[in-house]
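**Student:** Dropping the structure in here first, questions after.
The values are calculated or read from the model by the stated rules, or taken from the named source; none is laboratory data. What you see is a predicted model; the values in this text were computed from it and never measured. So basically every Cβ, Gly included, is an ideal-geometry build from the backbone, and we count neighbours across all protein chains shown.
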Amino acid sequence: MMDSGAGTVWIRPGDTLGSLVARLDQLGLAKPGWHWRLLARIEQPVIKAGEYRLQAGESPGALLARLDQGDVVRHSFTIVEGWNLARLRDELARDSRLRSEAADVAPQALMVRLGCPDCFAEGWFLPETYQFVRGDSDLDLLARAHRAMRDALAAAWEARASNLPIETPEELLVMASLVELEAVVAEERSQVAGVFVRRLERGMRLQTDPTVVYGITGEFDGRIRRVHLRTDHPWNTYTRHGLPPTPIALPGNASIMAAANPADGDALYFVARGDGTHHFSATLAEHNRAVARYILGRE
């Protein structure tokens, strides 16, 4: 029997039953004895490498059966909606359960390894929770997230509304990244997308703050100032018309679908109320009143 408070044990490739029993002995979980030797002769188990959870009170025979089945511990890693690529790579690097293969690979070289050499690396990994086993590589996980994003984007493109001012799935991904960072409340995703679509149709600049932040180099304290809005760079939608040239974050599936199916309406502006929701306005005069109320504190 396994002693109480078992924990986990790591079986390395090439480990034998004898080396496993010796390790369990070191952990104070089992003593070598005749019953292990007898089980080895009778069961002739195949010891599959991996991390196994040792269960309190478990018999040696039950443990050997799980080793033979490869019943390894499964871990999870969550890619959070709205992360950018740099944040994703930082979080992967901090996870000691994953073997590092991609940490020092440049972003575009990474996309070549993932089979998408023409993809700008930002935005191309779907936020979800991914299961893995200890010893899997960060590249394995990124490859799965990339395939999931390609599938989600293809599905949304197939189901998109007609007459969108968006010409390619790649542009849809860019739009979805803007929706992801602007819509804090899930129910507003399609409304935010609708505002962006109507502004594109009218030739208006999108003027969305997250695009400004994305292109800021050097130190940034989190507060957008007038100089930031006026400083031109490829992602600044205050100084340039149309969509940014690339995504600016990792959008979740809900934001991708919202970008593909924006809400109808006449709103051309929105401003944050301060509680996660937005006030949507059809005219500049109404928008200015909303800014005065929610941003400047004037009733």
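**Student:** For the structure I just gave you, tell me whether Arg293 is more than 29 Å from the chain's Cα centre (by Cα), among the basic types (Lys, Arg) and at pLDDT below 95.
**Tutor:** Spelling it out, Arg293 is indeed more than 29 Å from the chain's Cα centre (by Cα), among the basic types (Lys, Arg) and at pLDDT below 95.
**Student:** OK, next. With the checklist (1) closer than 30 Å to Thr78 by Cβ; (2) assigned to a helix (DSSP H, G or I); (3) modelled with pLDDT under 95; (4) hydrophobic (A, V, I, L, M, F, W, C) in hand, flag the one item Ala193 doesn't pass.
**Tutor:** Failed condition: (3).
**Student:** Any residue in segment 96-118 that is in a loop (DSSP other than H, G, I, E, B), in contact (Cβ under 8 Å) with a residue 60 or more places away in the chain, under 30 Å from Gly70 (Cβ atoms) and among the small types (Gly, Ala, Ser)?
**Tutor:** No, segment 96-118 contains no residue that is in a loop (DSSP other than H, G, I, E, B), in contact (Cβ under 8 Å) with a residue 60 or more places away in the chain, under 30 Å from Gly70 (Cβ atoms) and among the small types (Gly, Ala, Ser).
**Student:** Looking at this structure, is Gly218 small (Gly, Ala, Ser) and either in contact with a Phe, Trp or Tyr (Cβ under 9 Å, 6 or more places away or on another chain) or without any contact (Cβ under 8 Å) to a residue 24 or more places away in the chain (or both)?
**Tutor:** Here the answer is yes, as Gly218 does meet what is asked.
**Student:** Let me ask something else. Anything in segment 211-224 that is in a loop (DSSP other than H, G, I, E, B) and touching a helix residue (DSSP H, G or I) at 6+ places or on another chain (Cβ under 8 Å)? List them, or say none.
**Tutor:** Across segment 211-224, the qualifying residues are Ile216, Phe220, Ile224.
**Student:** Tally time: how many residues in segment 246-297 are of a type in the set (Gly, Ala, Ser) and within 30 Å of Asp118 (Cβ to Cβ)?
**Tutor:** Number of matching residues: 7.
**Student:** Can you report the number of residues in segment 225-279 which are of a type in the set (Lys, Arg) and in a loop (DSSP other than H, G, I, E, B)?
**Tutor:** Residues in segment 225-279 being of a type in the set (Lys, Arg) and in a loop (DSSP other than H, G, I, E, B): 3 in total.
**Student:** Met204 versus (1) surrounded by fewer than 18 Cβ atoms within 10 Å (Cβ to Cβ); (2) in a helix (DSSP H, G or I): which is the lone unmet condition?
**Tutor:** (2)
**Student:** Sticking with this one: Residues Gly242, Gly215, Gly194: which one is of a type in the set (Gly, Ala, Ser), within 25 Å of the chain's Cα centre (by Cα) and over 17 Å from Ala161 (Cβ atoms)?
**Tutor:** Among Gly242, Gly215, Gly194, only Gly215 is of a type in the set (Gly, Ala, Ser), within 25 Å of the chain's Cα centre (by Cα) and over 17 Å from Ala161 (Cβ atoms).
**Student:** If you don't mind, another one. Check whether at least one residue in segment 123-132 is closer than 15 Å to Ile79 by Cβ and of a type in the set (Val, Ile, Thr), and report yes or no.
**Tutor:** yes
**Student:** Okay, next question. Of everything in segment 245-288, what is more than 27 Å from the chain's Cα centre (by Cα), surrounded by fewer than 17 Cβ atoms within 10 Å (Cβ to Cβ) and in contact (Cβ under 8 Å) with a residue 40 or more places away in the chain? Give them in sequence order.
**Tutor:** Those that are more than 27 Å from the chain's Cα centre (by Cα), surrounded by fewer than 17 Cβ atoms within 10 Å (Cβ to Cβ) and in contact (Cβ under 8 Å) with a residue 40 or more places away in the chain: Asp264, Gly265, Asp266.
**Student:** I would also like to ask the following. Within 28 Å of Cys116 (Cα to Cα), surrounded by 18 or more Cβ atoms within 10 Å (Cβ to Cβ), touching a residue at least 24 places away in the same chain (Cβ under 8 Å) and hydroxyl-bearing (Ser, Thr, Tyr) - does that describe any residue in segment 178-192?
**Tutor:** There is no residue in segment 178-192 that is within 28 Å of Cys116 (Cα to Cα), surrounded by 18 or more Cβ atoms within 10 Å (Cβ to Cβ), touching a residue at least 24 places away in the same chain (Cβ under 8 Å) and hydroxyl-bearing (Ser, Thr, Tyr).
Yes or no, residue by residue, for (1) more than 18 Å from Leu181 (Cβ to Cβ); (2) aromatic (Phe, Trp, Tyr); (3) modelled with pLDDT of 95 or more:
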residue	(1), (2), (3)
Gly215	no, no, no
Gly222	no, no, no
Arg226	yes, no, no
Thr231	yes, no, no
Trp235	no, yes, yes
Ser281	yes, no, yes
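**Student:** Let me ask something else. Quick one: which residue in Ala183, Ala161, Ala155, Ala143 is over 13 Å from Leu250 (Cα atoms) and over 20 Å from the mean Cα position of the chain (by Cα)?
**Tutor:** Ala161
**Student:** Limited to segment 88-103, what total is found for residues that are among the small types (Gly, Ala, Ser) and farther than 10 Å from Asp138 by Cβ?
**Tutor:** 1
**Student:** I'm trying to understand the selection: among the residues of segment 62-81, which are out of contact with any strand residue (DSSP E or B) (no Cβ under 8 Å at 6 or more places or on another chain), more than 16 Å from Leu142 (Cα to Cα) and either surrounded by 14 or more Cβ atoms within 10 Å (Cβ to Cβ) or aliphatic (A, V, I, L, M) (or both)?
**Tutor:** Within segment 62-81, Ala62, Leu64, Ala65, Asp68 meet the criteria.
**Student:** For residues that are touching a residue at least 12 places away in the same chain (Cβ under 8 Å) and not polar (S, T, N, Q), scanning just segment 221-236, find the one that is surrounded by the most Cβ atoms within 10 Å (Cβ to Cβ).
**Tutor:** Filtering segment 221-236 for residues that are touching a residue at least 12 places away in the same chain (Cβ under 8 Å) and not polar (S, T, N, Q), the one surrounded by the most Cβ atoms within 10 Å (Cβ to Cβ) comes out as Trp235.
**Student:** Let me spell it out: the conditions are (1) free of Cβ contacts under 8 Å to residues at least 60 places away in the same chain; (2) basic (Lys, Arg); (3) surrounded by 13 or more Cβ atoms within 10 Å (Cβ to Cβ); (4) not in a helix (DSSP H, G or I), and Arg144 meets all of them except one. Which number is the exception?
**Tutor:** That leaves (4) as the condition not met.
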